[in-house]
Amino acid sequence: MTVDRLLPDQDARDLIDLTRDIADKELTRRVDEHERAETYPEGLFATLGEAGLLGLPYPEEYGGGGQPYEVYLQVIEELAARWAAVAVATSVHTLACFPVFTYGTPEQRERWLPEMLAGRLIGGYSLSEPQAGSDAGALTCRADRVEGGYRVTGNKAWITHGGIADFYALFARTSDRSISCFLAPGAADGLTFGRPEEKMGLHAIPTTSAHWDGAFLEDDRLLGEEGQGLQIAFSALDSGRLGIAACATGLAQAALDEAVAYAKERQTFGKKIIDHQGLGFLLADMAAGVDCARAAYLDAARRRDAGLPYSRQASVAKLVATDTAMKVTTDAVQVFGGYGYTREFRVERYMREAKIMQIFEGTNQIQRLVISRHLAK
């Protein structure tokens, strides 16, 4: 089903039409092959970059699309409805560009942003560590000051596009009490990557660990001030959580569409199963959940676009959308019955893909913590 979107202007409508056209031609035809074979879609991100889809929420002066966040997120949702792994990687790339745009010097922006926003450089986000996931303050990876720059030593984990990305927003400890942010090249001497994780879903995009063995980063790779890393990380994650909320909503929409189409064809007891009240009500609840998830992320995005505080709303959107995706994809499998448990139909993959969305960019338990702390202020 094509979602009837409320968009601010004709340019935004044209952008959504372009996204749908590219997604149907480039993503839908390739997704099953790559997800089953667990192979990387070579050339796909170059295609998205050439179409201008990898720098949408950033200003045109740096080569971005100059789009409000509410439009950018609806593009992400459209991508996710065809291929969740690609949408997640696109969201992560946008997240990785955030520290350069928001905290970089004018010289750093001019040097790096045009290539990033054009998609000629693909980014990853390197915050988590084997023993520091939700607790970002427990990082142990170090960037020690040396003449002309820093030497980075330590291990990072759960890096989307790890080993493939051209650059990483890297967070490392620059003193016992402070964490800083760096724009790290993907091919730095002394940087190696582990074997891709054997994941439940999102198979086409690798997730890896990274080992830094004294790799040298020049002074101009530092973003913001020393010790500003956690501030940068947390402000970036507010935006990143909206990206994941949009991904989850697109995935849930895809599962709903598959379930409705199947329910209109499958017959039991002499009528289509959608006409059985029990099944029809289940589909109605699924549709209501998807609509609420979309409304939640759009509300937060519009606050962001208006310059209003949106941290709590971003956590609400991430929580609601990802919990909804988990429920809707599980219910979609139920609609298909035994067939839903087979790999013949996409809904079993959707259910596997939904689970990680409750975990990354801050687990949903962390989102509840963020929300409750806002309420307590």
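Laboratory data are not the source of any read-out in this text; all were calculated from the coordinates shown. As the structure is a prediction and not an experimental result, all values here were calculated from the model. As a convention, Cβ positions derive from the backbone with ideal geometry for all residues, glycine included, and neighbour counts pool all protein chains shown.
Things worth noting here:
- Contour excess over end-to-end distance, with Cα ends at Asp17 and Ala187 and 0.36 nm allotted per residue: 57.6 nm
- Based on the Kirkwood approach, the hydrodynamic radius assigned to region 123-228 is 13.7 Å, with every pair of different Cα atoms included.
- Normalised by the number of residues in region 12-125, the mean separation of alpha-carbon contacts (under 8 Å, six or more apart) gives a relative contact order of 31 percent.
- Length gained on full extension, Glu61 to Gln267, computed as 0.36 nm times the residue gap minus the Cα-Cα distance: 68.6 nm.
- The dipole here belongs to region 231-376: it is taken about the Cα centre, uses +1 on the Cβ of Lys and Arg and -1 on the Cβ of Asp and Glu, and is about 240 debye.
- If you take the Cα centroid of region 52-67 and the Cα centroid of region 317-346, the two points sit 33 Å apart.
- Restricting the trypsin sites (Lys or Arg not before Pro) of region 250-350 to loop positions (DSSP other than H, G, I, E, B) with no more than 12 neighbouring Cβ atoms within 10 Å leaves Arg343.
- Charge dipole (region 10-117, unit charges on Cβ, about Cα centre) - positive-most of Val92, Val75, Gly55: Val92
- For the chain, the relative contact order comes to 16 percent (Cα pairs under 8 Å, sequence separation of at least 6).
- Hydrodynamic radius by Kirkwood, which averages 1/r over all alpha carbon pairs of region 237-278, in angstrom: 12.1 Å
- Size of charge dipole - the chain - debye, nearest 20, with Cβ of Lys, Arg +1 and Asp, Glu -1, no other charges: 1200 debye
- Top positive-direction residue, dipole computed over the chain with Cβ charges, set Leu319, Ala12, Ile164: Leu319
- Mean projection area, nm², convex hull over Cα of region 305-377: 6.0 nm²
- On full extension, the segment bounded by Thr342 and Glu110 gains 78.5 nm, given 0.36 nm per residue less the C-alpha separation.
- Counting Lys and Arg as +1 and Asp and Glu as -1 over every other residue whose Cβ lies under 11 Å from the Cβ of Ala255, the net charge comes to -2.
- Nearest 10 degrees, 0 to 90: helix 84-103 Cα axis against the chain principal axis: 30 degrees
- In region 243-350, Cα pairs under 8 Å separated by at least six residues give a relative contact order of 37 percent.
- Size-normalised alpha-carbon gyration radius of region 5-140, reference 2.2 N^0.38 Å: 1.12
- CD proxy at 222 nm, helix term only [per DSSP H run n ≥ 4: -39500 (n - 2.57); per residue of the chain; nearest 500]: -17000 deg cm²/dmol
- The distance between label points at Lys199 and Gln334 comes to 2.7 nm (points 7 Å beyond Cα on the Cα→Cβ vector).
- Spin-label model distance (nm) - Leu7 vs Phe234, 7 Å beyond Cα toward Cβ: 3.6 nm
- At R0 = 22 Å, FRET efficiency that the Cβ-Cβ distance of Cys292 and Ala376 yields, to 0.05: 0.35
- Two-site FRET efficiency, His276 against Glu147, from Cβ-Cβ distance with R₀ of 45 Å, rounded to 0.05: 0.05
- Across region 348-365, computed HN-Hα scalar couplings (Karplus, 6.51 cos²θ - 1.76 cosθ + 1.60, θ = phi - 60°) run 5, 5, 4, 5, 5, 5, 5, 4, 5, 5, 7, 10, 7, 6, x, 4, 5, 5 Hz from first to last residue, x flagging Gly and Pro.
- Once each of the GluC sites (Glu not before Pro) sitting in a DSSP loop with at most 11 other beta-carbon atoms within 10 Å is removed, the chain keeps 199-343 as its longest stretch.
- Extents of the chain, taken as max minus min of Cα coordinates on every principal axis and listed largest first, are 79, 46, 43 Å.
- In loop segments of region 202-277 as defined by DSSP, the chymotrypsin sites (Phe, Trp or Tyr not before Pro) with at most 16 further C-beta atoms inside 10 Å of their C-beta are Phe269.
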